[in-house]
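Here is the structure we will look at.
The values are calculated or read from the model by the stated rules, or taken from the named source; none is laboratory data. This one's a predicted model, so the numbers in the text were calculated from it and none came from an experiment. Cβ placement follows ideal geometry from the backbone for every residue including glycine, while neighbour counts extend to all protein chains displayed. Surface areas here come from the heavy atoms of the whole protein model, side chains and all, with no ligands, DNA or RNA. Shrake-Rupley method; radii C 1.70, N 1.55, O 1.52, S 1.80 Å.
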Amino acid sequence: MKNKDHLSAPQYKCARCQDRGFIIKNEVAYRCPCMKQRAVEQLFRHSGLGSLQKECTFANFSFAYYPDVYNEELGFTYYQNARTALKAAEEFAKAFVKGDYHGPGLVFTGPVGSGKTFLACAIANYVL
């Protein structure tokens, strides 16, 4: 008996456009909505972010690591510092996406475990 796999319908990632990237309606070609998702996926592939970093979002930022204990060097609590850093990161990302940010950039400093990498990844994920 012959293999009938070659007779089966092709498998497409997008059933709407059959992976062509456009849909034709009334003899006019329109960009398929799947193209936006493909563009986002390509940005993430080329971003250099690992699978764990892709999960870093502003909504996932946890204040559980920052005690409400006063720090003499900072002049405020670790918790207050974390809230300030999160707010600055969110404002930066939103302004950047809107094209409203014209400053020199944003720099995070602090000891290991202070949230620098998490916030940088959250910004990258928001922008992407």
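Name the helices (complete DSSP H segments) of the chain with a Cα length along the long axis of 18 Å or more and a Kyte-Doolittle mean of at least -0.5, or state none.
78-98
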Residues whose placed amide H lies under 5 Å from that of Phe22, excluding near-sequence neighbours
Cys32
In deg cm²/dmol, rounded to the nearest 500, the helical mean residue ellipticity at 222 nm of the chain, built from -39500 (n - 2.57) for every DSSP H run of length 4 or more, is -12000 deg cm²/dmol
If exposed GluC sites (Glu not before Pro) are those in a DSSP loop with at most 13 other Cβ within 10 Å, what is the longest stretch of the chain that has none?
74-128
Roughly speaking, what is the centre-to-centre gap between the stretch 97-128 and the stretch 19-48 when only Cα atoms are used, to the nearest Å?
28 Å
Farthest towards the positive end of the dipole of the chain, among Phe63, Ser51, Gly113 and with Cβ unit charges of +1 on Lys and Arg and -1 on Asp and Glu, lies the Cα of Ser51
From a point 7 Å beyond the Cα of Leu106 in the direction of its Cβ, which residues of the stretch 58-73 have a backbone N at a distance under 14 Å?
58-61
Run the count for the chain, please: Lys pairs, Cα-Cα under 29 angstrom, 8 or more apart or on different chains.
18
Tell me, what is the per residue accessible area of the chain in Å², probe radius 1.4 Å?
79 Å²
Amide H partners (placed H, <5 Å) of Asn71, local residues excluded
Phe76, Thr77, Tyr78
Excluding ligands, DNA and RNA, the carbon-plus-sulfur percentage of the accessible area of the chain with a 1.4 Å probe reads 55 percent
Relative contact order (percent, whole number), the chain, Cα cutoff 8 Å, 6+ residue spacing:
24 percent
With no solvent and one point per C-alpha, what does the Debye sum give as log10 I(q)/I(0) for the chain at q = 0.10, 0.18, 0.22 Å⁻¹?
-0.53, -1.04, -1.26
In nm, to one decimal, how far is the Lys25 label point from the Ser51 one, both placed 7 Å along Cα→Cβ?
3.8 nm
